[in-house]
Amino acid sequence: MNSVWRVAAGLTGLGAGVLAWSTLVEPRAFALREFEVPVLPDGAEPLRVLHLSDLHLVPGQRAKQDWVRSLAALEPDLVVTTGDNLAHEDAVPAVLDTYRDLLTRPGVFVLGSNDYFPPTPKNPMRYFNDSHRKGAELTGHRLPTQDLVDGFTSAGWLDLTNARGVLEVGGLRLGFVGVDDPHLGYDRYRDVAGPAAPGTDVFVGVAHAPYQRILDAMTADGTGLVLAGHTHGGQVCLPFHGALVTNCDLDTGRARGLSRWWPGAGAAPSSTAPPTAAWLEVSAGLGASPYSPFRLACRPEATLLTLV
């Protein structure tokens, strides 16, 4: 009987240790992931793109704010944020202050569900299917979304909310197409569909949630690179296995990192991609809902993409 109690005590201690790690340590273990992406024309100089997503910022999260501010030292040529910057109705000033030095660089952005609605408590098991309610189904309270948009656009960042645009960066002409949050069904890709404008050196798709309908549509139009967030990389992953969920219909093998996508790719591995396949980079993001602030085997991250 004593051995049973010892085993039970050991398991309890292990569980307490994992809980402490996943709530107190790993959510603050910010990481910079780096990838090289071959999408530029021959002879072009490399272009450094900093991709940020899912800050889910609550005022007072100084460690996260300081770490994001430090990324300005990378001197990226372009900053892309793929939404869910907010997690509190008073967070807009903190978000803009966090991005302060990065807002002096060229940038583009789209919005996520938590840029419109505050997070609410929910059963984490509902993330294993699409049964959980979203947005206005959960709360009638709205966040000051327009204040966030105004802060970004007043700094010169390009709003890609169901929109297209062009930026001249590093001597290259970058074409963009973006959508409003697919997780809420706010995407209207049909309104912005079409190939890149003539003279475009790189055509980039930007979305918050990487639903397959959006990835298929963007890559069918010839995007060479698609950037997204939303998945949190699975947020709670199994060591040596990876993500269990993506909170959308993207396969768990692409929950974070760099892979290939082409129309109809589904769960097919990147090794089977046709030569014309686009590159897809999904960020595991930098935060989480304050009601489920866990990270396990999935450090919060930003991504530095070097386009070559």
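Taking the chain as a Gaussian network of alpha-carbon nodes connected by springs under 10 Å, the highest mean-square fluctuation of the residues HIS230, HIS208, HIS241 belongs to HIS241.
Between the beta carbons of THR120 and ARG62, assuming R0 = 25 Å, the FRET efficiency works out to 0.55 to the nearest 0.05. Could you tell me which of rounded, prolate or oblate describes the chain, using a ≥ b ≥ c as the square roots of the eigenvalues of the alpha-carbon gyration tensor, with rounded for a/c under 1.5 and, failing that, prolate when a/b is larger than b/c and oblate otherwise? Prolate is the answer for the chain, as a/c is 1.5 or above and a/b outweighs b/c.
Each residue in PHE109, PHE30 was given a count of other beta-carbon atoms within 10 angstrom of its own, and listing them fewest first yields PHE30, PHE109. So what's the gap between the Cα centers of region 143-167 and region 32-70, to the nearest angstrom? Region 143-167 and region 32-70 have Cα centres spaced 18 Å from each other. Packing order of peptides 47-56, 299-308, highest average first: 47-56, 299-308 (average count of other Cβ atoms within 10 Å over each peptide's residues).
By DSSP, the beta bridges lying fully in the chain are antiparallel in about 40 percent of cases.
Put a dot 7 Å past the Cα of TRP21, heading toward its Cβ, do the same for ASP97, and the two dots end up 3.4 nm apart.
Scoring 59-65, 277-283, 182-188 by mean Cβ neighbours within 10 Å over their residues and listing the highest first yields 277-283, 182-188, 59-65. Electrostatic tally near GLY175: other residues with Cβ closer than 12 Å to its Cβ, Lys and Arg +1, Asp and Glu -1, net -1.
Only helices enter this figure: runs of n ≥ 4 DSSP H residues, each worth -39500 (n - 2.57), summed and divided by the residues of the chain, yield -5500 deg cm²/dmol at 222 nm to the nearest 500. Mean separation of Cα pairs under 8 Å and 6 or more residues apart, divided by the residue count, gives the chain a relative contact order of 25 percent. Each of GLU34 and ALA155 was given a label point 7 Å from its Cα along the Cα-to-Cβ line. The distance between the two points is 2.3 nm. For the chain, a Gaussian network of Cα nodes joined below 10 Å ranks GLY266, GLY178, GLY233 by mean-square fluctuation, and the top entry is GLY266. Among GLY194, GLY171, GLY151, the residue with the largest mean-square fluctuation in a Gaussian network model of the chain, with springs joining Cα atoms closer than 10 Å, is GLY171. In this structure the amide hydrogen of LEU280, modeled in the peptide plane, comes within under 5 Å of the amide hydrogens of VAL226, SER259, ARG260, TRP261, none closer than 5 places in sequence on its chain.
Long hydrophobic helices in the chain: the complete DSSP H runs spanning 18 Å or more by Cα along their own axis with mean Kyte-Doolittle hydropathy of at least 0.0 are 2-20.
Only the coordinates and a few stated rules stand behind these numbers; no lab work does. From a predicted model like this one, the values you see are computed outputs, not experimental measurements. Methodologically, a virtual Cβ is constructed for each residue, glycine included, from the backbone with ideal geometry; neighbour enumeration extends over all protein chains shown.
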